[in-house]
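Heads up, the thing below is written out as structure tokens.
The values are calculated or read from the model by the stated rules, or taken from the named source; none is laboratory data. Predicted model only: the values in this text are computed from it and were never measured. FYI the Cβ positions are ideal-geometry reconstructions off the backbone, even for glycines, and counts take in every protein chain you see. Protein only, heavy atoms only, side chains kept; ligands, DNA and RNA dropped before computing areas. Shrake-Rupley method; radii C 1.70, N 1.55, O 1.52, S 1.80 Å.
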Amino acid sequence: MSELYFGRTVPPLKEWGGRLPVALVFPEPAEHGLSTLGWQVVYRLLASREDLAVERFFWDPIPPRPRSVDSGRDLGLFPLVAFSLNFEGDFPAVLRMLGDAGIALKAEDRPEWPLVLAGGPLTFLNPFPVLPALDCLFVGEAEAGLSAMVDRVAAAWIKGEEKATALDAIAHLPGVLVPGKSRLPVRRQVCVEGDLILRNPGFSCFVSSEAQFRDMLLLEVNRGCPYGCRFCAAGSIYKPPRHAEMARLQEVVRLCAPHKVGLVGTALTDWPDLLPFLRWLEERKIKFSLSSLRADGLDDELLEFLRRTGTRSVTLALEGASARLRSAMNKHFSEEAFLDAVRRISRLQFNTLKLYMITGWPDEKEEDWVEFEEFLGQIDEARRQGQGMRRKGVDLISLSASCLVPKAWTPLQWAGVHDEDWIRRAMKRLKTAAARFRGMRFTGENPGQAQVQAFLARSGEEIFPFLERAAQVGLAAASRECAATIREALAKNPDKDTVFPWERLDVGVSRKFLYAEWKKYGHALLTPPCPDSGCQGCRLCGMDAFLAGSPR
Ligand code: SF4
């Protein structure tokens with residue numbers, strides 16, 4: 001694997017003697033792991049320790065047994081196996097890798113080492129479907145306590161103690177969930193130091209031509225988001241919103257000397273130093289790319305700079321088909337500001353405008369789609385106005401529609417899930433609307449896959465047998481076999497008193513706030529974004545009390 005580590009060759013492997021060998025497993029192909037910041041933050045945190053010998057594992061369907069990409073060693077040899085969970089689709093791969101390594105799938109059948117741990121964003125969303133396979137979870141941002149937990153595991157291993165002794169030693173540590181031992185709910189661990197500064201922004205330690213984001217150093221510009229869109233899990237589980245300081249990001253770039261930088265964040269245009277930082281990169285002939293941008297944050301200066309420095313496409317989030325749906329999901333969206341952004345993007349001759357939207361909202365209906373078609377007409381007109389007499393500007397509007405998956409810890413956790421036929425009809429309706437306009441391309445997510453993701457995202461341990469089957473025959477085949485079970489599970493609509501499996505965690509936002517937001521969804525009422533002053537005295541979502549450690 002050709003890659004650089006902090007801009008230099010990957011460091012030599014450490015001897016195992018007197019150390020705790022750790023398998024850091026990304027249950028997806030290497031190209032994904034090498035483009036995922038969180039996992040790389042954990043790698044840097046653990047691999048920099050002298051008492052650990054850390055090796056990397058990725059999901060690879062070919063070799064019969066999972067092998068380290070660093071040494072070729074077998075996964076079954078490692079006393080600590082640490083999975084990074086990012087998407088629900090990772091669940092079957094976790095079981096498959098354990099099974100292929102000859103490790104018992106269930107923790108209850110595995111009294112001896114290895115100790116199987118999971119961390120990553122899914123552990124503070126809903127990890128419970130796969131929990132029977134895990135000895136423990138670390139719930140939260142790794143920098144905020146993972147090391148303290150690994151200290152105890154390493155000490156137990158090096159002293160030759162039983163795994164049960166190690167689990168007892170960590171069960172009551174902040175952010176640790178050991179089934180049957182830890183006090184519930186387990187609180188999410190957050191890196192917050194009294195202000196909204198992200199002191200240690202994540203950055204990729206591996207830059208590789210095999211990564212999804214080829215040869216790109218990823219930099220975390222902000223964590224969390226102030227806008228509180230009611231479908232967005234990241235907005236909930238990464239509260240409070242924090243942003244990095246430019247000086248720190250400049251330091252990282254100097255350290256790693258990349259050719260290209262990828263800026264990662266949910267509200268990039270809110271970062272006051274965005275343009276100064278991009279100018280700084282340009283002066284050093286370092287290329288850059290940005291994740292999606294908010295229409296209302298796109299001023300002319302930024303757009304002209306992006307166009308002049310080679311950016312060819314701009315991505316904007318439309319989210320819902322109508323103004324009512326956008327208000328219901330708490331999207332602070334101005335149709336006029338959006339159309340104005342389209343006009344300017346076209347006038348500046350960007351080639352492609354990428355639009356993202358979601359269908360499958362509770363009470364979404366024909367009127368929303370009629371309005372959508374009209375709004376697409378306005379977008380198309382705005383593009384033409386931008387092109388002007390020269391007829392030069394955005395040639396392609398690429399519209400991608402995904403299916404709503406009501407997620408844990410969002411106000412939509414009380415929402416029902418439309419069945420596959422309904423989604424197919426909606427996708428067909430949206431496609432027909434887009435087909436009316438030349439230079440507009442529509443792609444829609446596969447409704448069947450979205451149903452399976454919703455099933456995984458909203459279930460608990462009761463679906464572990466399904467995951468075992470999926471590990472054997474693949475998620476698609478297992479889903480076909482269990483289609484009736486999945487339909488039945490998704491047909492159940494939660495009510496006010498439903499207790500969700502994920503409520504054995506405490507991620508900070510209060511149930512009371514989430515339910516009030518769900519009610520506001522029904523009336524398409526907006527909630528203001530997080531105040532610039534931060535959580536202190538805000539009392540809106542419960543994070544202020546959570547951070548203060550006081551009851552909510
Ligand atoms: S307490 Fe207020 S500022 Fe803090 S995350 Fe919640 S809404 Fe945002």
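Among the trypsin sites (Lys or Arg not before Pro) within the stretch 333-441, those in coil by DSSP and having at most 16 neighbouring Cβ atoms inside 10 Å are Lys365, Arg391, Lys392, Arg436, Arg438. Shape descriptor for the stretch 312-444: Rg over Rh equals 0.99 (Cα atoms; Rh from the Kirkwood inverse mean 1/r).
Counting only heavy atoms of the protein chains and using a 1.4 Å probe, Leu131 has close to 10 Å² of accessible surface. Accessible surface for the stretch 506-547, divided over its residues, is 53 Å² per residue with a 1.4 Å probe. Which of the DSSP-defined H helices in the chain satisfy a minimum axial length of 30 Å, computed from C-alpha atoms, and a minimum mean Kyte-Doolittle hydropathy of 0.0? Qualifying helices, which must be both long enough and hydrophobic enough, do not occur. Computed as a quarter of the hull surface, the mean projected area of the alpha carbon convex hull for the stretch 506-547 stands at 3.1 nm². In the chain, inverting the average of 1/r over every pair of distinct C-alpha atoms gives 24.8 Å as the Kirkwood radius.
Bridge orientation summary for the chain: considering DSSP beta bridges with both residues in this region, about 15 percent are antiparallel.
In this structure the stretch 1-149 gives 34 Å² per residue of accessible area when probed at 1.4 Å with all protein chains present.
Taking every DSSP helix (H) stretch of at least 4 residues in the chain, weighting each as -39,500 (n - 2.57) and dividing the sum by the residue count yields a mean residue ellipticity at 222 nm of -10500 deg cm²/dmol.
Stretched out straight at 0.36 nm per residue, the stretch from Asp60 to Glu374 would grow longer than its current Cα-Cα span by 108.4 nm. Calculated on C-alpha atoms, the gyration radius of the stretch 204-246 divided by its Kirkwood radius gives an Rg/Rh of 1.12. Listed as lacking a disulfide-compatible partner in the chain: Cys136, Cys191, Cys205, Cys225, Cys256, Cys403, Cys482, Cys530, Cys535, Cys538, Cys541, by the criterion of no other cysteine Cβ under 4.7 Å. The amide H of Gly320, built 1.01 Å from its N in the peptide plane, has Ile358 as neighbours under 5 Å, considering only residues 5 or more places off or on other chains. When you work out D = kT/(6 pi eta Rh) for the stretch 3-187 at 20 °C and 1.002 mPa s, using the Kirkwood radius from C-alpha pairs as Rh and the Stokes-Einstein form, the result is 131 µm²/s.
Relative contact order for the stretch 312-444: 29 percent, from Cα pairs under 8 Å spaced at least 6 residues apart, divided by residue count.
What is the diffusion coefficient of the stretch 329-383 in µm²/s, taking the Kirkwood radius over Cα pairs and the Stokes-Einstein relation at 37 °C with a viscosity of 0.692 mPa s? The Stokes-Einstein estimate is 259 µm²/s. Remark on the stretch 432-539: ratio of C-alpha radius of gyration to 2.2 N^0.38 Å is 1.50. With all protein chains in place and a 1.4 Å probe, the accessible surface of the chain carries 53 percent carbon and sulfur. Surface exposure of the stretch 312-444, expressed per residue as accessible area with a 1.4 Å probe, stands at 40 Å².
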